[in-house]
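The values are calculated or read from the model by the stated rules, or taken from the named source; none is laboratory data. Given the structure is predicted, the values throughout are model-derived calculations rather than measurements. Note: ideal-geometry Cβ built from the backbone for every residue, glycine included; neighbour counts use all protein chains shown.
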């Protein structure tokens, strides 16, 4: 097995099957062979290295879209031995500059679409290279044969990737060559992927999912990479155009696709496998049926320190079983939580004893630390244990259920509740496409539960219908009924399709043009200024 992405990509240098396929502005589909891709990546690396200040960390930022140029930048970093820093292209102003400074970026690759984001920013110490500039193409073509800046080992960083920032400021995670190779080889073996497969890469390539579940397995398989910008309305067209057989996802893309009108021929497509995380059980089942594809949803974070695998027989709501060392702990005092106990209706009956933080008791696993953030490193690694920040509980058979982030604890009428179990129940409602549950302050003490929902396209949901739905859910504790429901046209999300709860929390019960339902403290019916709402 290869130890580095350099070795993995170099093996493709004599391969003449397609490596990159993409649609041009006029709709034509063109391609690069692996031999051409490796050659272009090598030339790009050589040209970049001509600009690198060897007295500084060889960190090259990529503020690019999902494009052939981004794929070449990834290949070039592997071949050139420098570290590529994925820059979130939804960051703006001070946040964008903070990311560049945190990652010690000395060269920043941009394209025409993203160069404007840098207007007016202080880029002192950062050299900008526009990869769409014809002069850059000429420089790459004239560059000498690529000589790596250093001989990389498996434990050396291949990339710096920022976390999504759903629960705080994004943190810069070091992704090693070995981790990328391991992820790619694992998925190739798991799904029997090979040179004939086409990988639909529509998740951001500045994020870990795009690299670990998209780019890395494509390189390991020697298949074709089809970079794209995710669009729910264009999804099936893209799959058919590129003849894509594999896709990766993170967050809510499956829900977005399922919200589009179904057509009788949806299953007539080449897609074989969809792999990702954070899809609901219902979305997994409906996507599989509608598009005749095998959907596998797992658990993963940018840090890759806690690994949980979903296998045959995984109960509804569970994310699977953890690898050795994965456990559920409370931090004060540091002790393992008790196994979850469920009552006859399927409700968790011992949340205070069973819910804790997902940890890796054997250490950091594949996590190599946050770059330039010792405080966050110390918070993650305490007492030789890696603390994920994710709440969960585990039953007596070892099945793990997510309960939310550590910030998702809610104290309601003297009882501790978490968001994720409530979200799983609300997502059963046929009219609901996406849901987020979070706390708003109780005027007296503790919290009240608020839910923000987006309806399925064309669906109608009334307060009375919602009440009847909740009443039929035997595993929903009466205290877990939302006090407020925000029926929204859309929910705020990160660039990686994760719902941004802190924005919803900041709004509280001020919902703008959305619809707000409420119920009395002890009541079981909802009222609203608008009796119904329809999302087109």
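Points to keep in mind about this one:
- Residue 229 falls short on exactly one of the conditions (1) in contact with a helix residue (DSSP H, G or I) (Cβ under 9 Å, 6 or more places away or on another chain); (2) outside the structural domain of residue 83 (by TED's automatic domain parsing); (3) in contact (Cβ under 8 Å) with a residue 60 or more places away in the chain, and that condition is (1).
- Being assigned to a loop (DSSP other than H, G, I, E, B), in the same structural domain as residue 357 (by TED's automatic domain parsing) and in contact (Cβ under 8 Å) with a residue 24 or more places away in the chain is a property that residue 260 lacks.
- Count - residues of the range 18-52 that are touching a helix residue (DSSP H, G or I) at 6+ places or on another chain (Cβ under 8 Å), over 14 Å from residue 77 (Cα atoms) and crowded, with 23+ Cβ neighbours inside 10 Å: 2
- Tallying residues that are assigned to a helix (DSSP H, G or I) and either out of contact with any strand residue (DSSP E or B) (no Cβ under 7 Å at 6 or more places or on another chain) or more than 24 Å from residue 30 (Cβ to Cβ) (or both) within the range 53-98 yields 12.
- Any hit, the range 503-511, residues being under 16 Å from residue 426 (Cα atoms), free of Cβ contacts under 8 Å to residues at least 40 places away in the same chain and either in a strand (DSSP E or B) or within 26 Å of the chain's Cα centre (by Cα) (or both): no
- Any helices (runs of 4 or more DSSP H) falling wholly within the range 170-257 and containing at least 1 residues that are farther than 25 Å from residue 30 by Cα: 177-191
- Entirely in the range 396-438, the strands (runs of 3 or more DSSP E) that have 2 or more residues that are free of Cβ contacts under 8 Å to residues at least 40 places away in the same chain and surrounded by 21 or more Cβ atoms within 10 Å (Cβ to Cβ): none
- Exactly one residue among 194, 223, 210, 276 is within 27 Å of residue 307 (Cα to Cα) and in the same structural domain as residue 170 (by TED's automatic domain parsing), and that residue is 194.
- Number of positions in the range 153-199 that are at pLDDT below 90 and farther than 20 Å from residue 277 by Cα: 2
- Scanning the range 324-347 for residues that are closer than 17 Å to residue 361 by Cα and more than 29 Å from the chain's Cα centre (by Cα) gives 332, 333, 334, 335, 338.
- Any hit, the range 40-48, residues being part of a loop (DSSP other than H, G, I, E, B) and within 27 Å of the chain's Cα centre (by Cα): no
- Single residue of 336, 379, 357 found to be within 23 Å of residue 172 (Cα to Cα) and loosely packed, with under 15 Cβ neighbours inside 10 Å: 379
- Residue 116 being closer than 21 Å to residue 174 by Cα, assigned to a helix (DSSP H, G or I) and without any contact (Cβ under 8 Å) to a residue 24 or more places away in the chain: no
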